[in-house]
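The structure under discussion appears below in the form of structure tokens.
The values are calculated or read from the model by the stated rules, or taken from the named source; none is laboratory data. None of the values given here were measured: they were computed from a predicted structure. Positions of Cβ are backbone-derived with ideal geometry, glycine not excepted, and every protein chain shown enters the neighbour counts. The protein model used for the area step is the full one, side chains on, heavy atoms only, and it has no ligands, DNA or RNA in it. Shrake-Rupley method; radii C 1.70, N 1.55, O 1.52, S 1.80 Å.
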Protein chains: 2
Amino acid sequence: MGLVTCQISMSIDGFVAGPNQTFEEPLGERGEQLHEWVFPTEGWRKLQGMEGGERSTDSKLVEELFRNVGAYIMGRKMFGGGAGPWDETWTGWWGDDPPYHTPVFVLTHHPREPVVMKGGTTFNFVTEGIEAALAQARAAAGDMDVAIAGGASAVQQYLAAGLLDELHLHIVPMILGAGERLLENVGDPILEPVEVIASPAVTHVKYRVVGR
Amino acid sequence: MGLVTCQISMSIDGFVAGPNQTFEEPLGERGEQLHEWVFPTEGWRKLQGMEGGERSTDSKLVEELFRNVGAYIMGRKMFGGGAGPWDETWTGWWGDDPPYHTPVFVLTHHPREPVVMKGGTTFNFVTEGIEAALAQARAAAGDMDVAIAGGASAVQQYLAAGLLDELHLHIVPMILGAGERLLENVGDPILEPVEVIASPAVTHVKYRVVGR
């Protein structure tokens, strides 16, 4: 059985999204900047079916981050489309060919039939809570890992429930000052840094969750 | 002229002290744990005039952190003794021979004559604000660095004023959940990670403040 992992970009002051999240700026003001280290890498461009890009420490890391993921879980807000019953025309933020290329399980209170996208991504909608979503994701992932894609609330729930094995933080050298914090309402898990990779842009720290 | 630096231990969720700070627990609940990586090191024990200790990555770092500091600045609350006019019997938390071994400038609203301690530490009390304290500390430090010792508020003030050159965070793998946050009210400084050192206990990231 694989691990349950999460890798996410966080500002030094602990935010994974900026303030004032809107449809136009789903990550809030300046929140997109948290991810700027990813976009120029060869590893990311390859995942998007594009050529070129920088071959760097960050690029190698990006490739590794996605290599062993067999399924994703994400919160309703990260999937988007607004709150309440589904607008069935909404199929996520990522176009026809989302960057997941695996089954994705969306935590929601509103049932919906699975949505099959190009490139191997299928969005499945789970209304029975985080443990049910994890069971379905594990079944889909087989021996590979299940990654909690975000947002903050989904990560918090899995961490607080003791269901997360690894938390891989990309600590971005910016101070957002406001927005959505990652490590709130998670209780007191015991973490152990098991790998640190420094790049000029970002400090990557992989923590193993060893207890609580 | 030396740099203006700050090195401080911070939880992954951004706290430099726990909740409910009291005379008995000046760093708040579990706040002391932020510093546990320091105490067993040979470098720290040497600074305290003690023998033995662990020779580790952390120990070497501790020695380097203190090597080039010619003067310290600290906030009134870090120096302690309660708010308001001074109780002249209070000479800090650190006993007769504090671990600073240089002039220390305490930011306060209440004037007080300098207090000379053993081992080269003199506590000077500055009532004219952070810039005056920095000028005095620079004069005392000569070519060496001035270190902002803490607490959070003092660091915030120097960072927000654009007076800090380096911020060296020791990111401790614990989640405090509440307490005193370091990176609040500091505006939007531009930081660049210039050195990352991983130890089993802590991730040390030195940021240069390159603009705002």
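Structure notes:
- Hits in the stretch A:12-27 (condition: over 20 Å from A:LEU169 (Cβ atoms) and either in contact with a helix residue (DSSP H, G or I) (Cβ under 6 Å, 6 or more places away or on another chain) or more than 14 Å from chain B (Cβ to nearest Cβ) (or both)): A:ASN20, A:GLN21, A:THR22, A:PHE23, A:GLU24, A:GLU25, A:PRO26
- Listed by position, the helices (runs of 4 or more DSSP H) inside the stretch A:38-80 whose residues that are polar (S, T, N, Q) and in contact (Cβ under 8 Å) with a residue 60 or more places away in the chain number at least 1 are A:57-67.
- Within the stretch B:74-93, considering residues that are over 9 Å from B:VAL106 (Cβ atoms) and of a type in the set (Phe, Trp, Tyr), the one surrounded by the most Cβ atoms within 10 Å (Cβ to Cβ): B:TRP86
- Scope the stretch A:196-212; condition facing another protein chain (nearest Cβ under 8 Å) and part of a strand (DSSP E or B); matching residues: A:VAL196, A:ALA198, A:THR203, A:VAL205, A:TYR207
- Just one of the listed residues (B:PRO103, B:PRO98) is of a type outside the set (Asp, Glu), within 16 Å of the chain's Cα centre (by Cα), open to solvent by less than 30 Å² (accessible area, probe 1.4 Å) and more than 14 Å from chain A (Cβ to nearest Cβ), and it is B:PRO98.
- Test: residue in the stretch B:108-125 that is assigned to a helix (DSSP H, G or I) and either among the small types (Gly, Ala, Ser) or open to solvent by less than 10 Å² (accessible area, probe 1.4 Å) (or both): yes
- Filtering B:GLN21, B:GLN7, B:GLN33 for residues that are open to solvent by 40 Å² or more (accessible area, probe 1.4 Å), modelled with pLDDT of 95 or more and over 29 Å from B:VAL210 (Cβ atoms) leaves a single hit, B:GLN33.
- Residue count, the stretch A:169-185 (criterion: away from chain B (no Cβ under 12 Å) and more than 20 Å from B:ARG181 (Cβ to Cβ)): 0
- Of the residues A:THR121, A:THR41, A:THR108, A:THR102, the single one that is at pLDDT 95 or above and closer than 30 Å to B:GLU192 by Cβ is A:THR41.
- Scanning the stretch A:126-149 for residues that are open to solvent by less than 40 Å² (accessible area, probe 1.4 Å) and either at negative phi or modelled with pLDDT under 95 (or both) yields A:VAL126, A:ILE130, A:ALA132, A:ALA133, A:LEU134, A:ALA137, A:ALA141, A:ASP145, A:VAL146, A:ALA147, A:ILE148, A:ALA149.
- Residues being touching a Phe, Trp or Tyr at 6+ places or on another chain (Cβ under 8 Å) and open to solvent by 40 Å² or more (accessible area, probe 1.4 Å) - total across the stretch B:151-176: 0
- Answer residue from the stretch B:1-30, given it is within 14 Å of the chain's Cα centre (by Cα) and of a type in the set (Gly, Ala, Ser) and is nearest to B:GLY82 (Cα to Cα) among those: B:ALA17
- Candidates B:ALA149, B:ALA132, filtered to the one that is in contact with a strand residue (DSSP E or B) (Cβ under 8 Å, 6 or more places away or on another chain) and outside any helix (DSSP H, G or I): B:ALA149
- Among the candidates A:ARG181, A:ARG138, residue that is in contact (Cβ under 8 Å) with a residue 40 or more places away in the chain and closer than 28 Å to B:GLN156 by Cα: A:ARG181
- Taking the numbered list (1) within 15 Å of the chain's Cα centre (by Cα); (2) assigned to a loop (DSSP other than H, G, I, E, B); (3) at negative phi in turn, B:PRO85 passes all entries but (1).
- Only residues that are under 24 Å from A:TYR72 (Cα atoms) and outside any strand (DSSP E or B) were counted across the stretch A:180-195, and they come to 7.
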